[in-house]
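Novice: Here it is, the structure, as structure tokens.
Bear in mind these aren't lab numbers, they're just calculated from the coordinates by the rules spelled out. Owing to the predicted nature of the structure, the values given are computational and were not obtained by experimental measurement. Methodologically, a virtual Cβ is constructed for each residue, glycine included, from the backbone with ideal geometry; neighbour enumeration extends over all protein chains shown.
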Amino acid sequence: MRLPIDPHADRARRAWVACPGCDDARDCATCAERRNCSEHWRYLIANKGPKVHLQCPNCTHTWTLDTARDRRRGARG
């Protein structure tokens, strides 16, 4: 089931992280080079400290990412 795009979504507030729902950027050379791709970005819906709430415009999956925790593990965030 696809969710609607969050009413707070704004193209001006974006993040470049992998979507755990569809992984649409897996074969993208730009994303593999860890550059800001014009196609594979996520809506940054909100944040509270290091926790960011995201939505994928492709599959509409929503999730929360703790950027402080991921930074300690060395993940892109």
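Novice: Quote the relative contact order of the chain in percent (integer), defining contacts as alpha-carbon pairs under 8 Å separated by 6+ residues.
Specialist: Relative contact order for the chain comes out at 30 percent.
Novice: Relative to the compact globular guide of 2.2 N^0.38 Å, what is the alpha carbon radius of gyration of the chain, as a ratio?
Specialist: For the chain, the normalised Cα radius of gyration is 1.05.
Novice: Show that you can apply the helix-only estimate: for the chain, add -39,500 (n - 2.57) for every DSSP H stretch of four or more residues, divide by all residues, and state [θ] at 222 nm to the nearest 500.
Specialist: Theoretical 222 nm ellipticity from helices: -3000 deg cm²/dmol.
Novice: Would you please put 50-57, 5-12 in order of how densely packed they are, using the mean number of other Cβ atoms within 10 angstrom per residue and starting with the highest?
Specialist: Per-residue mean Cβ counts within 10 Å order the peptides as 50-57, 5-12.
Novice: Now, a different point. Residue separation times 0.36 nm, minus the C-alpha to C-alpha distance between residue 33 and residue 8: what's the value?
Specialist: Here the answer is 6.1 nm.
Novice: Ok, one more. What distance in nm separates the two pseudo spin-label positions at residue 23 and residue 47, each 7 Å out from Cα along the beta-carbon direction?
Specialist: 2.7 nm
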